[in-house]
Amino acid sequence: MSTTPATTDTTAAGGHLVDVEHLRKSFGDHEVLRDISFEIRSGSATCIIGPSGSGKTTILRSLNALEIPDSGVVRIGDLTVDFAGITPGRGGRLPRAQREQLAAYRAQSGMVFQSHNLFPHKTVLENVTEGPVIVQGENAAEAAGRARDLLDQVGLSAHVDKYPHQLSGGQQQRVGIARALALRPKLVLFDEPTSALDPELVGDVLGVMKDLAAQGWTMAIVTHELRFAQQVADQVLFIDGGVIVEQGDPRQVIGDPQHERTRTFLRRVMEPI
Amino acid sequence: MTLGLAAPAGAAPAGDVTTAVRQDGIPETLRVGTEGVYSPFSYHDSKGKLTGYDIELMDAVAAKLGVKVEYVETPWDAMFAALEADKFDIVANQVTRNDERAAKYDLSVPYIDTTGVVVVAEGNSTIKSLTDIKGKRAAENLTSNWSDVARDAGAEVVGMEGMTESIEALRQGRVDVVINDKLAISNYLATVKNPGVKIVTETKDVSQSVYAARKGSGYMDEINRTIVELKANGTEKRIYDKYFGAASSEASRWDLIRNNAWPLLVKMVTATIPLTAITFAIGLVAALGVALARMSSNPFVSFLGRAYISAIRGIPLLVLLFLIFFGLPQFGIKLSPWTAAIIGLSANVAGYAAETIRGAILSLPRGQWEAAQTIGMGYGTSLRRIILPQAARVAVPPLSNTLLSLLKDTSLVSTILVVEMFRQAQIAAAPTFEFFTMYALAALYYWVACTILSYFQGRTETRLNRYVTA
Ligand SMILES: Nc1ncnc2c1ncn2[C@@H]1O[C@H](COP(=O)(O)OP(=O)(O)O)[C@@H](O)[C@H]1O
Ligand SMILES: [Mg+2]
């Protein structure tokens, strides 16, 4: 089927697609990530939970090179980047070789934003085909065919020729997912994909993500949907203050947390009042 | 006022002669600077042909010398700057001889003598002599000798574009007096139906009209001999009588409009609109470059962008045009009027549109850049496919204003010898002195053109808005 993930050719089934080692990132004096290390197994779903401002988004953005960590090594598939060696030259621009390295690194993953960031001047179909055709040079008809399949899979086959502003928030977010998948990334990153949605629209988006997990896409998802995490995640990371406080199977991290900080956080999320 | 006049005389580099020169030093084609709007000396007849006393006499001089003559029409206030910038070889435009000019230029012997006259409004009975104008307001061409006469008599001089505007100001009571050439004023009074002004007295000094060339031209002697000959054989007298002997025929205002509505429209379509379109296109491309430079993370590049915008915003367009057309020749860079106009107007658009474009780009959410980045686009592709199409929607209304301003600003290039629509209107008005009529017609044409552009602006906005409104 055309919507199944690219096979993780370089990694043996059950091996690690992603290795993150000693990631550090500061914004000015504020150290946002302090020595973050974790792994993501091929074909697994990792949910990242934690309080607001703990660094979850920064971790995802680091995996897509939207943020350049100060140091640490990340391997995605067969591509390894040592961020200690990535430093802007004069004029604030990265040297050409480093830009090319990061471009290849970024191409390993697709990103789904909380605020979808669809291109408002392009139709739904064009949003999905833009990357494959313009960046990857895929034949336009072929790309359109794949895009229609993907849009069908996320339940939007009736809306391919509409503009984003004509869709509901949940539909927009599903276009965002299709746009990320169209590039056939090895890893799909989701940054709170349902947080900006009206509650009745959340289910559709989570349903699509559940299907993707079942199809074997490797996913890293920042979310506050604990029930979803329990059902779908193979691994849960609980982040607080820029460190991974607790990680493991969701039954353990969410069902039987070992750390007081985790317990406090989970209590707040499950019983807001 | 005229920038080029501040420059040293004879600044045109040696060896800069653009036409072949004969053994006696006279160019085979003598380029002659003249106003073309100074009736009856230099103006266009109802068929559009350049004519007048100075023109016919110069034609006779050239014929006698055996050289071809090519007229370069230039506003009076730019005349000497253009002479120095080697836009032509000699001025034939009732240049009055004075010591200052004699020091700076090669002047011919006088070919016609005249006096100045003091002109006041018909109802004015307080000014009867030159001494009465002390403390009064006089309307004069700032670079003409008449402004010196008025100033020496103690008047406060108000700068005017030409004689007709000066008399108009006098009629409207905005000034008290005009001093100008007796021949020109007499011709005006004979041509216009209800002049509303009268001559009260002549100035004492006789003024002598001469030809002026750059210092060291080397051929004034030859021209002087020719002038003497033409006076002796009666040719000059025949031309004089033609223009000053009998009263000129008077064309009605409606004739003027009828005769010029079409030529003016033609100039709008063949000069004003192409000039607007070309400079807007060039200006927009340059503006994008300037805007991107201004937003560059490289501090030096960003500084350059900022400096350019600041310069364009700070320098009046008219001054910029004069710098390019009259100033650059002093560094050996000579541009044709059209080239100079295109550069000046484009540079101006680039400065203003850059800020509009920058504002439009910055108004887009950062997420648009990031989304483009995550699907693998580099800076250039993101800009072209994602950012600029959206920025265009934001920028269209302000850029339309820039376009409308530009269309109207093209009238300024009439001052650097480009014959566009406004200049055409001046040329048409000159022999009849009906400047107001022709200016009103030009104004109407500009207005109509702007209205049409606004209509297309509306349509463009609707098209660009299709993805944000249902
Ligand atoms: N570009 C930035 N500049 C400065 N501070 C930032 C920037 N991005 C994030 N931060 C700060 O880093 C911390 C972690 O942010 P983030 O990763 O977005 O947290 P989370 O997604 O867990 O809410 C926050 O305190 C936030 O204010
Ligand atoms: Mg976040």
**Complete:** note: the range B:69-171, Cα-Cα separations exceeding 23 Å make up a percent value of 35 percent
**Message:** Give the aspartates and glutamates whose C-alpha is closer than 16 Å to that of A:Lys186, dropping any in the same chain fewer than 8 places away, or say none.
**Reply:** A:Asp9, A:Asp19, A:Glu39, A:Asp78
**Prompt:** Net charge near B:Glu222, counting Lys/Arg +1 and Asp/Glu -1 over other residues with Cβ under 13 Å of its Cβ?
**Reply:** -2
**Prompt:** Quick one: which of B:Lys182/B:Lys215; B:Lys68/B:Lys198; B:Lys68/B:Lys408 span more than 32 angstrom between C-alpha atoms?
**Reply:** B:Lys68/B:Lys198; B:Lys68/B:Lys408
**Message:** What is the ratio of the Cα radius of gyration of the range A:160-273 to 2.2 N^0.38 Å, with N the residue count, to two decimals?
**Reply:** 1.17
**Complete:** Using alpha carbon centers only, the range B:348-382 is separated from the range B:173-215 by a whole-angstrom value of 59 Å
**In sequence order, calculated HN-Hα J values of the range A:79-89 (Karplus, 6.51, -1.76, 1.60; Hz; x Gly/Pro)** = 10, 10, 10, 9, 5, 4, x, 9, 9, x, x
**Fill in**
Descending packing, highest mean Cβ count within 10 Å first, for A:236-244, B:446-454, B:119-127 is A:236-244, B:119-127, B:446-454
**Message:** Quick check on chain A: what does the Kirkwood estimate of hydrodynamic radius come out to from the alpha carbon pairs, in Å?
**Reply:** 19.3 Å
**Request:** Using only Cα positions of the range A:1-157, each an equal point scatterer, no hydration layer, compute I(q)/I(0) via Debye at q = 0.08, 0.14, 0.15 Å⁻¹ and quote the log10 values to two decimals.
**Result:** -0.29, -0.89, -1.01
**Message:** Rounded to the nearest percent, how much of the accessible area of chain B (1.4 Å probe, protein heavy atoms only) is carbon and sulfur?
**Reply:** 58 percent
**Request:** Could you calculate the FRET efficiency of A:Glu39 with A:Asp149 from 1/(1 + (r/R0)^6), where r is the beta carbon distance between them and R0 is 30 Å, rounded to 0.05?
**Result:** 0.45
**Request:** Please report how far the C-alpha centroid of the range B:258-311 lies from that of the range A:226-273, rounded to the nearest whole angstrom.
**Result:** 60 Å
**Fill in**
Rounded to the nearest 5, the percent of DSSP beta bridges in the protein assembly as shown running antiparallel is 60 percent
**Message:** Relative contact order of the range B:37-117, please, whole-number percent, based on alpha carbon pairs below 8 angstrom and at least 6 residues apart.
**Reply:** 19 percent
**Fill in**
Of the convex hull drawn through the C-alpha atoms of the protein assembly as shown, the volume per residue in Å³ is 230 Å³
**Asked** Is there a simple number for the mean count of other chain Cβ atoms within 10 Å of the Cβ of residues in A:65-72, and what is it?
**Response** 1
**Asked** Considering the range B:339-448, what Rg and Dmax in Å follow from its alpha-carbon atoms?
**Response** 20.6, 70
**Complete:** Under the rule rounded for a/c under 1.5, else prolate if a/b exceeds b/c, else oblate, using alpha carbon gyration tensor axes a ≥ b ≥ c, the range A:117-185 is classed as prolate
**Complete:** Among B:Pro263, B:Ala291, B:Leu317, the residue whose Cα sits farthest towards the positive end of the charge dipole of the range B:236-323, when +1 is placed on the Cβ of each Lys and Arg and -1 on the Cβ of each Asp and Glu, is B:Ala291
**Prompt:** Mind checking the angle between helix B:337-362 and chain B's longest principal axis? C-alpha axes, 0 to 90 degrees, to the nearest 10.
**Reply:** 30 degrees
**Fill in**
A student asked for the Cα radius of gyration and Dmax of the range B:253-465 in angstrom ought to give 20.2, 70
**Prompt:** Once you list every other residue whose beta carbon is under 13 Å from the beta carbon of A:Glu67, what net charge do they have if Lys and Arg are +1 and Asp and Glu are -1?
**Reply:** +3
**Complete:** Measuring from the longest principal axis of the C-alpha atoms of chain B, the long axis of helix B:253-267 (C-alpha) lies at a number of degrees, nearest 10, equal to 50 degrees
**Asked** Using θ = phi - 60° and the Karplus form 6.51 cos²θ - 1.76 cosθ + 1.60, what ³J(HN,Hα) does each residue of the range A:117-123 get, whole Hz, x for Gly and Pro?
**Response** 6, 5, 7, x, 8, 10, 5
**Asked** Looking only at other chains, what is the average number of their beta-carbon atoms within 10 angstrom of each beta-carbon in A:131-141?
**Response** 2
**Fill in**
The rounded separation in angstrom of the Cα centers of the range B:108-170 and the range A:71-86 is 83 Å
**Asked** Taking a probe of 1.4 Å, how large is the accessible area per residue of the range A:117-185, in Å²?
**Response** 34 Å²
**Request:** Rounded to the nearest 10 degrees, what's the angle between the helix B:53-65 long axis and the longest principal axis of chain B, both from Cα atoms, 0 to 90?
**Result:** 80 degrees
**Asked** What percent do you get for the relative contact order of chain B when only Cα pairs under 8 Å and 6+ apart count?
**Response** 18 percent
**Request:** Holding the Cα-Cα limit at 27 Å, pick out from B:Lys134/B:Lys242; B:Lys87/B:Lys204; B:Lys49/B:Lys237 the pairs that are longer than that.
**Result:** B:Lys134/B:Lys242; B:Lys87/B:Lys204
**Request:** Output the direction-averaged projected area (hull surface divided by four) of the convex hull of the alpha-carbon atoms of the range B:113-207, in nm².
**Result:** 5.3 nm²
**Prompt:** Once both labels are modelled 7 Å past Cα along the beta-carbon direction, what's the B:Tyr379-B:Asp99 spacing in nm?
**Reply:** 6.3 nm
**Message:** If I model a spin label at B:Ser363 and B:Asp45 as a point 7 Å from the Cα along the Cα→Cβ vector, what separation in nanometres do I get?
**Reply:** 5.7 nm
**Fill in**
Note: probe point = Cα of A:Met270 + 7 Å toward Cβ; backbone nitrogen < 20 Å; residues of the range A:219-248 passing the test are A:223-240, A:245-248
**Asked** Can you pull the mean other chain C-beta count within 10 Å for peptide B:389-397?
**Response** 1
**Request:** Give the Rg/Rh ratio for the range A:67-211, taking Rg as the radius of gyration of the Cα atoms and Rh as the Kirkwood radius, to two decimals.
**Result:** 1.02
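The values are calculated or read from the model by the stated rules, or taken from the named source; none is laboratory data. If you're wondering where the values come from, they're calculated on a predicted model, not measured in any experiment. Cβ: placed from backbone, ideal geometry, glycine included. Neighbour counts: every protein chain shown. SASA here: full protein model, heavy atoms, side chains in, ligands and nucleic acids out. Shrake-Rupley method; radii C 1.70, N 1.55, O 1.52, S 1.80 Å.
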